[in-house]
Amino acid sequence: MRTRTVRRALAVAAGAACLLAASPATPAQSTAQPRGVAPAQSAARQQGAVRTPDAARDRDAAAPVRTPRGTYTNPVSRDFADTFADPSVIRGDDGWWYAYGTSDPLREGEGTRHLLPVSRSRDLVHWTHVGDAFTEETMPSWADTAGGASLWAPDIRKVGREYRLYYVVTQTTVTGEPNDNAIGMATAPTPAGPWTDSGAPVVGPRRGPGGAGDFKWTFDPALAVDTDGAQYLVYGSYYGGILITRLDATGRRAVGEPTMIAIDNRFEGGYLVRRDGYWYLFASSADCCAGPTTGYSVYAGRSRDITGPYLDRQGVPLNTSRAGGTIVIAPNGNRWVGTGHNAVLTDGTGQDWLLYHAIDRSDPYLDEPYGVNERPMLMDRLDWIDGWPTVRGGRWASEDPQPAPGRRDPHRGPAPDPVPGPVDRARSDDFDGTALRPGWSWVRSPQGELRDGALRWPTQAAELNRDDNTASVLLRDVPEGDWTAETKLTIDLGTDTVRNYQQAGLIAYAGDDLYTKLVHAAIWNTRQTEFGKETPYAGRIAYGGTIVGPPAETTWLRLVHRVDPRDGEHELRAATSRDGREWVHGGVWTLPAGADVRVGLISMGGAGATAQFDYFRLYRR
């Protein structure tokens, strides 16, 4: 949710990848607690640029949304805000639900930011803005207002008789240097305030290895209370990782040494939920704010101990170079992308819900293109399947009417994973000859060689990103309708070291500026399976990505293609595997109806590694 230059280039750097970027409830609360923040934001966020709202969008905002009785339709924030990012929620002693968001203008064309806006609802469906936690005059005394300080990512909880609100202060007076972000806390007698800042950081600025102004990202606070009553704060982001630290009894001061529970350059927005003897860490990944190509998604790991280690469903730790993370929600091909930065609540029937923000890919910016990303608040049912959380049984964000909280919803069971059909042998290649089989073609010069039953292709010192379209691409035609492309990839990227941004994998290509790619990539000290999309938008080229399953030295990759019968769009879903048998099915990107899509392989992002493709298979579906 931030408004600063991404110094570490953990988002979208050089085109390698987009990131390339609760305690038990009391009767008056949700089962989990509210929390967190999202990634890098444009400078327009603080500047609050004003532009006349788009007429069609203005009509949509004013028109009532008609949904059947007892249902809701996303976004649930529409009655009071066009954008309400990083939502945090609590049920007050007065019976109302209260939600808190990051500082932004609430409506298109407003131009004036609300410092941690507060809204409330009786039913979790109809929300009203009731004020802001701070004003420009009541900002924390240690916030560097002259330096453009803002407040992000609120997290709310009631402890004893007071409500506690934690938040990021983006610039402080603690060091006298820029970028010295820290975590603050305010208290109030009611969820609506009035809020009084504690007077000093709970977690102060943390220096990075560089010079003046280099501070690790002390973002995204989230409070949790362990079973013995000890209070803990989760915080951190891409630059520095997610950490957990114990707090003193007042909740105003971190004590002891923090523990890293999720690796840097991969996660942010940590949020803890206690369930069935486990602590579950929810964390977001990829760039929060890439407009129509925002791949921001939520992942989970669990641990018996609140301080970790947290492992995903496959037993892969979240704090290792090839980091794990079981997908909770990711873009699914409908109107919503950037589905991230969550809170969890429980309604009166015991049903859990995920509160999060997302971006409408047809209306991704609050005002001018490439300005403030418009991220309204959404809500969907959170299911627990075999001990793991997933939204709507794996169907993820909803865009049509859904049963409202408080009503029993007959679950349809988990969403089935795609199953490939028979192999189309005429369009497949085992790379076991001395030349590629017929049907392949190159964009730009041929690369690599066939040797020992594999295509061995050194990563090119070339790119396929925005204006840098220099990498060679190996392609073949696809059949009409639905199909699945698969490859087995071994690439010597190692772990932990910085090898930006060597990558290789599959591509669904409709042009140098219109494609999706699924790659095993080196992103700073991490290794990730990034599923990226590039497309023209508003006179420029937009690029973003989402993350799938953890890679291995040998990783299996799939792109699952279907044609949406409603509008003819090409929907491409990514899947990855560490053994060729157990697959993690990730997010969906779309390409326009009528696009001439071909599929193939890439190996690029910087010299120094070699991709070995054991085969390419095209399955009919």
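The values are calculated or read from the model by the stated rules, or taken from the named source; none is laboratory data. Just so we're clear, the structure is a prediction, and the values are computed from it rather than from any experiment. Here Cβ is always computed from backbone atoms with ideal geometry, including for glycine, and neighbour counts include all displayed protein chains. Just so you know, the surface numbers come from the protein's heavy atoms only, side chains and all, with ligands and any DNA or RNA stripped out. Shrake-Rupley method; radii C 1.70, N 1.55, O 1.52, S 1.80 Å.
Quantify how much of the Cα-Cα distance distribution of the range 173-251 extends past 14 Å, in percent.
Result: 66 percent of Cα pairs exceed 14 Å.
Rounded if a/c is under 1.5, else prolate if a/b beats b/c, else oblate: with a ≥ b ≥ c from the C-alpha gyration tensor eigenvalues square-rooted, which is the range 490-530?
prolate
Heavy-atom accessible area per residue, the chain, 1.4 Å probe: how many Å²?
34
Between Arg444 and His411, what is the spin-label point distance in nm, taking each point 7 Å from the Cα along the Cα→C-beta axis?
Reported label-point gap for Arg444 and His411 is 4.8 nm.
How many percent of all Cα-Cα pairs in the range 139-215 sit more than 21 Å apart?
Distances greater than 21 Å cover 28 percent of the Cα pairs.
Using the Kirkwood radius over C-alpha pairs as Rh, can you work out the diffusion coefficient of the range 201-308 via Stokes-Einstein at 20 °C, viscosity 1.002 mPa s, in µm² per second?
For the chosen part, D equals 147 µm²/s.
Where Rh is the Kirkwood radius over the Cα pairs of the range 464-580, the temperature 20 °C and the viscosity 1.002 mPa s, what D in µm²/s does Stokes-Einstein return?
Using the Kirkwood radius from Cα pairs, D works out to 142 µm²/s.
If I take the Cα coordinates of the range 292-371 and project them onto the principal axes, what are the three extents in Å, biggest first?
Here the Cα extents, ordered largest to smallest, are 45, 40, 22 Å.
Please work out the Cα convex hull volume for the range 406-450 and give it in Å³ per residue.
Cα convex hull per residue, to the nearest whole number: 187 Å³.
Using the Cα centre as the reference, give the magnitude of the dipole from point charges on the C-beta atoms of the chain (Lys, Arg: +1; Asp, Glu: -1; all else neutral), rounded to the nearest 20 debye.
Using Cβ point charges on Lys, Arg, Asp and Glu, the chain gives about 820 debye.
Could you derive backbone 3J(HN,Hα) for the range 420-433 from the dihedral phi with the Karplus parameters 6.51, -1.76 and 1.60 (θ = phi - 60°), listing whole Hz in sequence and x where the residue is Gly or Pro?
x, x, x, 5, 8, 5, 5, 10, 10, 8, 8, 6, 9, x
Quick check: net charge around Thr173, other residues with Cβ under 14 Å of its Cβ, Lys/Arg +1 and Asp/Glu -1?
Once all neighbours under 14 Å are counted, the net charge is -4.
Just need log10 I(q)/I(0) for the range 61-171 at q = 0.14, 0.18, 0.24 Å⁻¹, Debye formula, equal scatterers on the alpha-carbon atoms, no solvent, rounded to two decimals.
Ignoring solvent entirely, the Cα scatterers give -0.61, -0.94, -1.39.
How many angstrom lie between the Cα centre of the range 116-178 and the Cα centre of the range 495-572?
Using only Cα atoms to place each centre, the spacing works out to 36 Å.
Mean projection of the alpha-carbon convex hull of the range 387-503 over all orientations, in nm²?
Result: 13.4 nm².
Seen from all sides and averaged, what is the projected area of the convex hull of the Cα atoms in the chain, in nm²?
If I average the Cα hull's projected area over directions, I get 25.5 nm².
Can you grab the distance from the C-alpha centre of the range 221-300 to the C-alpha centre of the range 375-407, Å, no decimals?
Using only Cα atoms to place each centre, the spacing works out to 21 Å.
Leaving out same-chain residues fewer than 8 places away, which lysines sit with a Cα under 22 Å from that of Lys488?
Correct list for Lys488: Lys517, Lys533.
Given the peptides 162-173, 116-127, 269-280, arrange them by the average over their residues of other C-beta atoms within 10 Å, most packed first.
Order by mean packing, descending: 162-173, 269-280, 116-127.
With a 1.4 Å probe and all protein chains kept in place, how do Asp248, Asp155 rank by accessible area, largest first?
I get Asp248, Asp155, largest accessible area first.
Rounded to the nearest whole Å³, what is the per residue volume of the convex hull around the Cα atoms of the range 221-274?
Convex hull volume per residue, Cα atoms: 74 Å³.
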